[in-house]
Structures are given as structure tokens and as C-alpha cells.
Amino acid sequence: MLKYVGVKRTGLKRGILETELLFGEPIRILAHHGKQLFVEAPDQPHFAGNWSGYRGWIEECPLLSQRPCPKPPIPLEETLRNCLGAPYVWGGLSPSGIDCSGLIHLAYRNAGRVVPRNAHDQWLCSTSKTVKELSPGHLFFKATGKRITHVLFYLGEGSYIESTTDVHKVRITTLEQKYGKSLEELLKNGNFLGAL
């Protein structure tokens, strides 16, 4: 059974994967060209001057006509741990391939809460936290210049889970292993702690 479909920024043949639509996810069809649809995913908020869902092209498919049964919420950490070892795929949103912000988005979505799809937008919606407030479930946002380019989920006892290009998969790590610096050092250099 089809469980997800890739959403591409431009035409399907050469387009860049933006995100994925999951089975039963609501969409808005904005335009169509033959069997290609230009859609918006309202449950994947994205800030581009204003808040809207991710937009892109997909192939018309059975995913669009089937309606799933409602399912009970899944705890955040359970979804995250179920993705351990999944390959890193830019724009991916499933255990077949997922990026850092997709991992966070999927975990919250399975827990019954809609959060933005990309790391920078997740940071925009987060509540700032201090080192003393750090607790499991908080997020570490890595900045490059003025943009947030990576997000990790704090599991507790210094461990974080992330989807990363470092090893091309979802893994558990520490900030010292990943960046060679302590949390305090990283926060002094324009990075952030937050909670959604």
C-alpha cells in the first residue's frame, strides 16, 4: 500500500524534493496539469512571508482518495526511536528517508500536534529555554548565520536524537560528539534551546 508521496518544488522529473505527503494527509489542490497536481499541505506549516502549507507538485495517486481511520496519539519519543537508523533524505518525512526537521514534524504529528515542517520555522514557533530549564522533549536549534539549519530532540542525560548528513541516518548522539563543544559553549555562539 502507498504510504507517502514526494512533493517537488518544480516539475516532477527534475524537481527538488521539498517534503512528503503521508497517507490520508489533507491537501489543497491549487492547479493541475494532466496527472500532475500542484498542491498545498496545510498540516505542514511553512513561513514564506506569511504562514501557509508547503507547496509543490505531485503525481495524482491513490493516496489522495483514501481516508485513514483516526489513530490514537503516539508518544513523541516512540516515533523518534522508531526512526532510528532511517536514512537521511532532504525533504523526507517517513522512516524510508527523513531529514532533521521532518523527524521533529513527524513525531509531533503522530502525537496529535501540528508543528511547522522546517527547522527555522520550528524555531520561530518555539518558546526559548535556558540550560537550567532543559528537559527531555526540548529542542536544540543550530544556526548558520541568521538561519536555523538543524534541529535535534533532547532525550535526557545529555543525549539527543537527530537525522543528519554526518552519518546519513537517524541516530542518538551528544552535542560534544557532534560539535565538539558543550551546550553552554554552543548557546554563546548564536544557537538556541526551545520547546514546541
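Check whether at least one residue in region 116-132 is touching a helix residue (DSSP H, G or I) at 6+ places or on another chain (Cβ under 9 Å) and surrounded by fewer than 13 Cβ atoms within 10 Å (Cβ to Cβ), and report yes or no. Yes, region 116-132 has at least one match.
Of Gly112, Gly97, Gly92, all but one fail to be surrounded by 13 or more Cβ atoms within 10 Å (Cβ to Cβ), without any contact (Cβ under 8 Å) to a residue 40 or more places away in the chain and of a type outside the set (A, V, I, L, M, F, W, C); the exception is Gly97.
For region 118-196, the strands (runs of 3 or more DSSP E) that sit wholly inside it and include 2 or more residues that are among the polar types (S, T, N, Q) are 159-164.
Restricted to region 32-49, and to residues there that are surrounded by fewer than 20 Cβ atoms within 10 Å (Cβ to Cβ) and modelled with pLDDT of 85 or more, the residue that is farthest from the chain's Cα centre (by Cα) is Phe38.
Of all residues in region 124-150, those that are over 11 Å from Leu193 (Cβ atoms) and of a type in the set (Val, Ile, Thr) total 3. Answer with yes or no whether Pro136 is surrounded by fewer than 21 Cβ atoms within 10 Å (Cβ to Cβ) and out of contact with any strand residue (DSSP E or B) (no Cβ under 8 Å at 6 or more places or on another chain). Against the criterion (surrounded by fewer than 21 Cβ atoms within 10 Å (Cβ to Cβ) and out of contact with any strand residue (DSSP E or B) (no Cβ under 8 Å at 6 or more places or on another chain)), Pro136 does not qualify.
The values are calculated or read from the model by the stated rules, or taken from the named source; none is laboratory data. The shown structure was predicted, so the numbers you read here are calculated from the model rather than taken from an experiment. Every residue, glycine among them, receives a Cβ derived from its backbone with ideal geometry; neighbour counts consider all protein chains shown.
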